[in-house]
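**Student:** Submitted below is the structure of interest, expressed as C-alpha cells.
The values are calculated or read from the model by the stated rules, or taken from the named source; none is laboratory data. Computed from a prediction, not measured in an experiment: that's the story for all the values here. Every residue, glycine as well, gets a Cβ built from its backbone with ideal geometry; the counts of neighbours run over all protein chains shown.
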Amino acid sequence: MKWPPVFLAIVAALLTSGVAGAQLATEAQRRGEWHIHRFSVNAVSPWLNPNRLVVSPDGPYTTIQAALADARDGDTIEVQPGTYAGPLVVDKSLTLEGMGWPIVDGGGQGTVVELTAPDVVFRGFEVRGSGVEPDRNHAGITLSAPRIVVENNRLRDVLFGIFVAQADDSIVRGNDVTSKEEYDVGRKGDAIRLWYSRGVTVEGNHVYDARDVVMWYSAGAVMRDNLIEDSRYGVHLMYCDNALIERNRVLNNSVGIYVMYSDQVMIRQNAVHGQRGPSGYALGFKDADQVVVTGNVAVDNRAAVFLDGTPFRPDGLAHFEENIFAFNDVGVALQPAVRGAAIEGNTFWENVEQVAVQGGGALGQNSWSGNFWSDYAGFDADGDGVGDVPYRAERLFDRPVEILLEEQRLRAGGGVAGGGLPAREAVHHAEQVRQEVREPRAVGAAEALGDELLERPALRVRAVHGHEARRRGLRARPCGAECGLDELDPGCHGRGC
C-alpha cells in the first residue's frame, strides 16, 4: 500500500523533533507538494516527546531547581521523598509530581512555590515555611498564569496558603491548608485567595485554622465539596459575578458564607454550622443581586441568614427556597430597607427568634409564602395543611419588634404544628448537632445531612424537609389580596384577609 504524501508529512512531524523532523517534512513536501513549517515542528515536538526527570536525595537530580533548569515544556519532574529547599519558581509548562509527600521548605523566607507558566501541574507535595509579611503576600503557593492545576498538596506553617492571582481557568483541588500556628486568626493569612482570576474551580479542599477563603474580582468561580472550619470567614465573595457555591461544609467559623457586591450567585446544598463570631452569619448578603439560595442547612449559628441591600436593584432577585434553618439565635435577620426578597418553602425549626429586623423599624415588602414554622400557633380548620391565619414572628426575651401584630409566647408544644421543643431543649439539641457535624462523615450533599439531622427521633420533627414539608406540614398562608400586604408586614392585621 502506498501512503499518501500528506500522511507521510504528518508522521514525519509528529515522530521526530528539531532539524531532523523539519528535513523529513521538507522531503515529503518535495514528493507531494505538502508544506509544513519547521517552526511548527519545533513547537509541538517537546510535548510529543516529554522527558521524566527524577529528583531524590541520591540523584540523578538532588535539587528541584536543577531539574527545573534542564526541563522543557511538557516534561514531568518526579520528586522522591525527602526535604528540599525552596523557593521554587516554575516558569515552564510542566508537571511537578511528588511521590510519598516530599517537603518543599521555604525556610521562613518569602513565598515557597511560584507557578508563573501556563498549564503547570503541581501535586503531591508538603509545602511549608513561608515568610510572615502580609503586605508582600508571603504564601505557600502562588499562581500567576492561566490553566494551572494545584492538587493534593499539604500546606503547613505558611502565612497565606494558595494565592491565585490573574490565573484564569485554574483549578485548586484536594489540598489540605492551614496557616501559621503562632498567630491569632486576624494575623494569619487567607488559606485560599482568588484575585482577578476568572473561571477558577476550588474543590475538595480542607481548610482549617486559617483566616479566610477569599474570592475577589473573580467572575465565574466555582467552589464545591470543600470543608472549611475553625477560621474567620468560611467563604468571602466580593465582586464575583456568576459564582457557584455548592456542597461545602462550613463549620465553626466566625462567619460562614458572605457575598458582597456580586450578581448571579448560586448557593446550594451547603451545610453551615456553628458560626459564632460577633455577627455569626451562616449566609450573609450585602448589596448582592440575582441570588438563588436553595437546599442549604444552617444549624446553631447566631443568624442563619442576613440580608442587607439584597436584592440590590428594584427588579433584582434574592430567592431562598428549600433551606433548613434550625436552632439558630435568629432564623432570618433583615435590614428594614430590604425589599423584594422571596423567602419561600423553607423550614424554620426552633430558632430562638425566627425573623428579626436589625436596627428596628418595619419589615419591607418581601414574600414569605409556603414556609414551615415550628412555633406556628394558628389553626387549620379546613385540614388542607396550610395555616388559616398568618404566622406572627416574636421575640423570646424582649418586647416584640414592629413586625409583630400581637404578643405570643414560645409554646413548648409548638401549637398545631405538632411536637415542638422547649427552648432549653432546643439549645441542648443544637449543641449535640454542632458536635456531631465536626466528626468526619461520608455525607456528600447538605440536603442529605439535613435529612439526617431532622429525621432523628429525638428532634421529633414532623415531615418538615423539602417537598414533604409542603405536603404535610403546616404553612402560614399569605394574607391575600384584600389588604395587599405580606403576612409579616406591620400594616397587615389579619382581619378580613
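**Student:** What's the total number of residues in the range 275-302 that are of a type outside the set (Val, Ile, Thr) and surrounded by 24 or more Cβ atoms within 10 Å (Cβ to Cβ)?
**Tutor:** 11
**Student:** Which ones in the range 334-362 are assigned to a strand (DSSP E or B) and either of a type in the set (Asp, Glu) or not assigned by TED's automatic domain parsing to the domain that holds ASP375 (or both)?
**Tutor:** Answer for the range 334-362, where residues must be assigned to a strand (DSSP E or B) and either of a type in the set (Asp, Glu) or not assigned by TED's automatic domain parsing to the domain that holds ASP375 (or both): GLU344, GLU353.
**Student:** A further question follows. One residue is enough: does the range 155-162 have a residue meeting the conditions touching a His at 6+ places or on another chain (Cβ under 9 Å) and of a type in the set (Asp, Glu)?
**Tutor:** no
**Student:** Looking at GLY331, GLY316, which one is over 19 Å from the mean Cα position of the chain (by Cα) and either over 24 Å from GLY359 (Cβ atoms) or assigned to a loop (DSSP other than H, G, I, E, B) (or both)?
**Tutor:** GLY316
**Student:** Assess whether VAL299 counts as being in the same structural domain as GLN269 (by TED's automatic domain parsing), farther than 19 Å from TYR261 by Cβ, touching an Asp or Glu at 6+ places or on another chain (Cβ under 7 Å) and among the β-branched types (Val, Ile, Thr).
**Tutor:** Criteria not met by VAL299.
**Student:** In the range 56-83, how many residues are surrounded by 14 or more Cβ atoms within 10 Å (Cβ to Cβ) and either among the charged types (D, E, K, R) or within 18 Å of ALA139 (Cβ to Cβ) (or both)?
**Tutor:** Selection size over the range 56-83: 5.
**Student:** With respect to PHE312, is the statement that it is touching a residue at least 24 places away in the same chain (Cβ under 8 Å), out of contact with any Leu (no Cβ under 6 Å at 6 or more places or on another chain) and in the same structural domain as GLY370 (by TED's automatic domain parsing) true?
**Tutor:** Yes; evaluated as a whole, the condition is true for this residue.
**Student:** Has the range 363-370 got at least one residue that is in contact (Cβ under 8 Å) with a residue 60 or more places away in the chain, surrounded by fewer than 24 Cβ atoms within 10 Å (Cβ to Cβ) and in a strand (DSSP E or B)?
**Tutor:** Yes - at least one qualifying residue is present in the range 363-370.
**Student:** For the structure I just gave you, tell me whether PRO102 is surrounded by fewer than 19 Cβ atoms within 10 Å (Cβ to Cβ), modelled with pLDDT of 95 or more and assigned by TED's automatic domain parsing to the domain that holds ASP135.
**Tutor:** no
**Student:** Only one of VAL185, VAL202, VAL222 is of a type in the set (A, V, I, L, M, F, W, C), more than 10 Å from the chain's Cα centre (by Cα) and not assigned by TED's automatic domain parsing to the domain that holds ARG268; which?
**Tutor:** When all the criteria are applied, what remains is VAL185.
**Student:** Which condition does SER179 not pass, out of (1) surrounded by fewer than 24 Cβ atoms within 10 Å (Cβ to Cβ); (2) over 15 Å from the mean Cα position of the chain (by Cα); (3) farther than 21 Å from ARG302 by Cβ, if it passes all the others?
**Tutor:** For SER179, the exception is condition (1).
**Student:** Also, I was wondering about something else. Kindly indicate the residue of the range 135-159 that is touching a residue at least 40 places away in the same chain (Cβ under 8 Å) and in contact with a Gly (Cβ under 6 Å, 6 or more places away or on another chain) and also nearest to GLN80 (Cα to Cα) among those meeting that condition.
**Tutor:** Across the range 135-159, the extreme among qualifying residues is VAL158.
**Student:** Then there's this: Among the residues of the range 157-172, is any closer than 21 Å to GLN65 by Cα, modelled with pLDDT of 95 or more and touching a strand residue (DSSP E or B) at 6+ places or on another chain (Cβ under 9 Å)?
**Tutor:** yes
**Student:** I'm told ASP300 meets every condition in (1) out of contact with any helix residue (DSSP H, G or I) (no Cβ under 7 Å at 6 or more places or on another chain); (2) more than 23 Å from ASN242 (Cα to Cα) except one. Can you identify the failing condition by its number?
**Tutor:** (1)
**Student:** Here is a follow-up. Looking at THR111, THR116, which one is modelled with pLDDT of 95 or more and either out of contact with any Asp or Glu (no Cβ under 9 Å at 6 or more places or on another chain) or of a type in the set (Lys, Arg) (or both)?
**Tutor:** Unique residue meeting the criteria: THR111.
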